[in-house]
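The values are calculated or read from the model by the stated rules, or taken from the named source; none is laboratory data. Bear in mind the structure is a predicted one, so any value in this text is a computation, not a measurement. Note that we place each Cβ from the backbone using ideal geometry, even for glycine, and neighbour counts take in every protein chain shown. Keep in mind that these areas ignore ligands, DNA and RNA; they rest on the heavy atoms of the full protein, side chains included. Shrake-Rupley method; radii C 1.70, N 1.55, O 1.52, S 1.80 Å.
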Amino acid sequence: MKPDSSPDAPAGHVAVIGAGIVGAACALALTLAGRRVTLVDPEPPGRGASFGNAGGLSAGSVLPLSQPGILREVPRWLADPLGPLSLRWRYLPFIAPWLVRFVRAGSARNIPAQVRALRQLNGRTLDDYRPLLRAAGAEGLVHHQGHLTVYRSRDALERDRAGWLLRRAHGVEWHEIGESELRQMEPALARDYRHAMFIPENGHCTDPAALVDAFVAKVRGDGGAVLRARALGFELADGRASALVTNAGPLVADDFVLAAGAWSARLTRTIGDALPLETERGYHATLANPGVELARPLLDGEAKFAVTSMRCGLRLAGTVELAGLEAAPDWRRARRLLELGRRLLPGLPEREQDVSYWMGHRPSLPDSLPVIGRAGRVGNIFYAFGHGHTGLTGAAPTAMAIRDLICGREPELDLAPYRPGRFRQGMQT
Ligand SMILES: Cc1cc2nc3c(=O)[nH]c(=O)nc-3n(C[C@H](O)[C@H](O)[C@H](O)COP(=O)(O)OP(=O)(O)OC[C@H]3O[C@@H](n4cnc5c(N)ncnc54)[C@H](O)[C@@H]3O)c2cc1C
């Protein structure tokens, strides 16, 4: 594997494992800081979770998924395979330890620190993306129009009120929008959606896959490389990694960034870090010719899915399915999104032609926070994974922190809430 496998690879070579949005953003930030980067992925860049997400740059997404009382919901998840959150019976024995941690993470005592940590990371998204977008010539892919969460009934909005107040308490500005203003903002919205909350600071990306492609193209243009190979482990000596072991041979580098999304824990285990990483599978339905255009992403506050006008059409995305990395997709979930989308936007066509369906693996830790920081036992391996529902949002802030760690600078982010060691025995989650 020339030139990267040569034992005398020049100092400052970083191998980034995983070419999703997190790996691509890390690779670009490191390239701009003068490092030579090799991205390693068995698939073409941006074909994992980063391909089909809803495109939300959600600075105001600060609520962890696990909340007090969540345990009572589990029977409902098992009973309704098409509900917003479902759990496959067959997967229950495998996911049980993660679920226990997930339920524990959602205690009233833990929530404020998780909200603070999500706010710290996601709140920086547009600022931290700016230099990356400029360098990659991709500014046209990102827009700043806010997000609207819409409800049909006041009761439904009131059920979420505590969450809205928690957001405000952590610095997320939002406005309650009246019916006539809502019509003006989004004329395509169905008449029975009468209530909405608007978060002005949120942005969105109109082509998440193209964003990854643009970052990777810039890395390549500045002397970096992409290696189509699967990482299998590390060659270790004296508490450091000297090479990445791949199915195409060893790759020598000075530092290693593990950004393999939902697959990352397979590699951390090889160096003694057992991290409780699961996948929350999500689906999308994208209509190439929707006949409807939105000014900004809409979130259905009751059915819990997002709709975004993209370059490729209108995308309905969301839902959580707990069924692991291997089970076949349940496409009924994606079709259900289409039905719910027609309830939200009655102008959508009835026919199913020009609709593409997709399933992706969100990488999720029980406390809804990613892992960002140095590996427990190996000084030159850095973790950057586990961003769950907001990995597009968190990618640029994560990349800045990883760049600073590798370049020996103090990151602006306080990385303590995301430390890999937080799940060791005796920790709260
Ligand atoms: C339906 C849905 C909607 C979403 N909407 C939003 C949203 O609106 N806003 C938001 O911020 N986030 C959203 N997300 C979440 C977001 O998409 C993810 O958090 C994010 O894409 C994770 O990026 P990643 O780079 O960590 O992982 P991925 O994009 O999955 O990339 C991981 C990469 O690692 C590679 N890999 C795996 N194993 C190996 C190996 N052994 N060696 C080398 N490479 C390997 C994979 O091939 C893959 O390319 C959504 C997710 C879903 C599913």
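When the alpha-carbon atoms of segment 62-182 are used, the pair Rg, Dmax equals 18.3, 49 angstrom. If you take every DSSP beta bridge whose two residues both sit in the chain, what share of them, in percent to the nearest 5, is antiparallel? Of all bridge pairs located within the chain, approximately 70 percent are antiparallel. A protection proxy built from the mean count of other Cβ atoms within 10 Å ranks the segments 104-111, 123-130, most packed first, as 123-130, 104-111. In sequence order, segment 400-413 has phi-based couplings of 5, 5, 5, 4, 5, 4, 6, 8, x, 9, 7, x, 5, 6 Hz under the Karplus curve 6.51 cos²θ - 1.76 cosθ + 1.60, θ = phi - 60°, and Gly or Pro positions carry x.
Excluding ligands, DNA and RNA, the accessible surface per residue across the chain is 41 Å² with a 1.4 Å probe. Quick one: with all protein chains in place, what share of the accessible area of the chain is carbon or sulfur, to the nearest percent (1.4 Å probe)? It is 51 percent, rounded to a whole number. Averaging the sequence gap over all C-alpha pairs within less than 8 Å and six or more residues apart, then dividing by the number of residues, gives segment 180-288 a relative contact order of 12 percent.
With contacts taken as Cα pairs under 8 Å at a separation of at least 6 residues, the chain carries a relative contact order of 26 percent.
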